[in-house]
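The next block holds one structure in the form of structure tokens; read it before the comments.
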Amino acid sequence: MEYILSSKEMKEADQYTIASYASSLELMERAGRSIFEFLKTNFSKGFYYLIVTGSGNNGGDGFVVARFLLENGYKVDVYEASEAKSREAIENKKAFLKEPIKELIINKNTIVIDAIFGYGLNKKIEEPYLSIIRKINESEKYKVISVDIASGISSSNGKKLNEAIKSDITLALGEYKLGHFLNDGKDYNKLTIKLDIGIILPKKAYIKRLDKDDFKDLFINRKENSNKGTYGKVTLLGGMEKTPGALILAYKSYISLKLGVGYSELAFPRSLKFLYSSLTPEIIYHPLKDTKDGRIKFNKKDLKSMLNSKVITIGMGIGISKNVYKIIKYFLKNYKNNLIIDADGLNSLAKYGIDILKEKRECNVILTPHIKEFSRLSKKSVDEIKTTRVKFAKEFSYLYNVYLVLKDNSTLIVYKNDAFLNTNGNSGLAKGGSGDLLSGLIAGSVSLNNNREDLLRKIALGSYILGRSADILKLHERINEFSLIPSEIVMVVNKVINEIIG
């Protein structure tokens with residue numbers, strides 16, 4: 001399990017380490033040596049190494065790297081974007097026994113080491129940095145490697161601060177930062193690799209980045225002495241005349257998990273029975289009373305039999321309506337297991353009143369909004385959310401006592417003060433239908449077992465499977481991000497499960 005820190009948390013960790021375990025100069029030495037060892041392992045002495053430094057400790061790290069390169073026979077120069085000002089940077093500049101160059105010259109054989117700004121940057125880029133960053137981005141070079149984070153990217157939210165270095169590789173010092181993965185972070189930190197420099201974290205509830213090894217124990221062996229009733233039922237409820245495909249995508253992603261739930265139920269408007277009835281012979285079909293325009297109508301008798309489901313997922317392609325709102329309200333009052341609300345289920349809550357989530361209930365509620373849907377629910381602007389999403393997500397989870405899956409290029413999964421960030425996936429998922437797939441995958445992952453304490457991790461599993469499936473399609477199946485369509489995800493879900501269970 002790995003952690004992802006904000007700039008404030010990283011500063012606290014640095015200060016904690018310096019106070020009790022190592023001086024700031026020693027940490028800088030470790031950082032520089034670790035970066036040098038990475039360069040020595042992955043690149044040859046045939047390249048020209050140009051280190052561009054700033055005035056602070058990020059620049060100091062750059063001078064340490066320069067010293068190690070020079071002492072080991074590499075062709076290296078330092079160009080100062082601004083003169084060293086911090087005590088540690090000044091000391092390490094003196095230890096680098098070569099004068100900084102006065103002109104920024106970059107050619108095809110150059111590896112540029114970006115050591116201009118570190119994780120503390122919080123204001124827009126101005127001159128002379130603006131011109132320097134643009135020259136690096138526009139020049140011919142072999143690679144750009146950033147120290148800690150691409151200069152110009154906020155480490156707390158990943159937003160580009162006017163201009164930013166486009167890094168091929170970013171070497172995160174000590175811990176990953178939120179800025180590596182949120183907003184513009186992935187575009188400017190193409191590949192982020194963490195280097196251990198001995199940072200000691202004070203005890204705190206940090207955001208967790210989960211890998212396949214963190215999910216293996218969720219896949220427990222099935223007992224021979226069991227029957228279909230042992231494994232329960234999952235219900236997917238959605239669809240209307242204009243958008244019938246959303247429910248199909250959710251269903252296909254759900255069954256692609258092959259998790260062995262005893263019963264699978266598909267609930268949809270009665271007028272669409274002809275469309276859904278041919279999907280698969282194993283499913284239980286539950287046609288519901290509908291309106292003249294092909295939308296689900298609220299009817300207690302239709303809903304009562306769903307209350308014994310292990311998971312109910314509602315919202316995919318269902319449309320925004322008072323009937324949908326009434327259905328959700330009925331489940332909140334009468335259902336006792338896991339209720340996933342997605343898409344137009346969320347939009348119906350936003351339109352007719354989200355405060356019903358505050359009422360006493362026995363079921364776990366899982367909301368799966370993308371940024372725009374979360375804006376409608378929270379009454380915060382999209383820009384506010386993108387700038388301060390972790391804080392808002394945790395506050396929202398506390399206020400309404402819900403599990404929140406905030407979908408974006410990296411998906412934040414939150415329950416109160418506990419949070420995961422799924423950093424898998426690619427832009428091939430930025431297409432209609434991906435959210436419906438996620439709803440089905442979360443329904444399947446939540447149904448794995450009944451341990452409530454594992455629920456947030458099970459929700460994160462569904463998100464991980466979606467992102468990892470898209471990455472497999474891109475990397476191994478050679479399906480590019482332009483051509484990838486969401487329904488192809490189901491082809492490789494089994495490969496992701498096999499990676500997890502080993």
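Within the range 144-155, being in contact (Cβ under 8 Å) with a residue 60 or more places away in the chain and not β-branched (Val, Ile, Thr) holds for ASP148, SER151, SER154, SER155. Restricting LEU191, LEU161 to those that are open to solvent by 20 Å² or more (accessible area, probe 1.4 Å), among the aliphatic types (A, V, I, L, M) and in contact with a strand residue (DSSP E or B) (Cβ under 6 Å, 6 or more places away or on another chain) reduces the list to LEU191. Looking across the range 79-100 at every residue that is touching a Leu at 6+ places or on another chain (Cβ under 8 Å) and among the hydrophobic types (A, V, I, L, M, F, W, C), the one that is surrounded by the most Cβ atoms within 10 Å (Cβ to Cβ) is identified as PHE96.
The residues of the range 393-438 include none that are farther than 17 Å from LEU461 by Cα, outside any helix (DSSP H, G or I), within 15 Å of the chain's Cα centre (by Cα) and modelled with pLDDT of 95 or more.
In the range 364-389, the residue that is nearest to LEU438 (Cα to Cα) out of those that are out of contact with any helix residue (DSSP H, G or I) (no Cβ under 7 Å at 6 or more places or on another chain) and buried (at least 17 other Cβ atoms within 10 Å of the Cβ) is ARG389.
Outside any strand (DSSP E or B), among the polar types (S, T, N, Q) and at pLDDT 95 or above: does that describe ASN183? For ASN183, the condition - outside any strand (DSSP E or B), among the polar types (S, T, N, Q) and at pLDDT 95 or above - is met. For the range 466-502, a residue qualifies if it is open to solvent by 40 Å² or more (accessible area, probe 1.4 Å), modelled with pLDDT of 90 or more, over 22 Å from ALA443 (Cα atoms) and not basic (Lys, Arg), and the qualifying residues are ASN480, GLU481, PHE482, SER483. The residues of the range 194-245 that are closer than 25 Å to LYS159 by Cβ, open to solvent by 30 Å² or more (accessible area, probe 1.4 Å) and either at pLDDT 95 or above or part of a strand (DSSP E or B) (or both), listed by number, are LYS194, LEU201, LYS208, ARG209. When GLY158 is tested against (1) free of Cβ contacts under 8 Å to residues at least 40 places away in the same chain; (2) in a strand (DSSP E or B); (3) not hydrophobic (A, V, I, L, M, F, W, C), just one condition goes unmet, and that condition is (2). Filtered by the rule that a residue be open to solvent by 30 Å² or more (accessible area, probe 1.4 Å) and among the hydroxyl-bearing types (Ser, Thr, Tyr), the range 8-33 gives TYR16, SER20, TYR21, SER23.
Residues in the range 186-215 that are in contact (Cβ under 8 Å) with a residue 40 or more places away in the chain and within 30 Å of ASN137 (Cβ to Cβ): LYS186, ASN189, ILE193, LYS194, LEU195, ASP196, ILE197, ILE199, ILE207, ARG209.
Taking the range 101-135 as the range and being more than 26 Å from GLU175 (Cα to Cα), among the hydrophobic types (A, V, I, L, M, F, W, C) and either open to solvent by 20 Å² or more (accessible area, probe 1.4 Å) or not in a loop (DSSP other than H, G, I, E, B) (or both) as the test, the residues that pass are ILE101, ILE105, ILE106, LEU130, ILE132.
The values are calculated or read from the model by the stated rules, or taken from the named source; none is laboratory data. Note that the structure is a prediction, hence the values are computed from the model and not measured. Glycine gets a Cβ as well: all are built from the backbone with ideal geometry, and neighbour counts include every protein chain shown. Remember, those area values only see protein heavy atoms, side chains included, never the ligands or the DNA or RNA. Shrake-Rupley method; radii C 1.70, N 1.55, O 1.52, S 1.80 Å.
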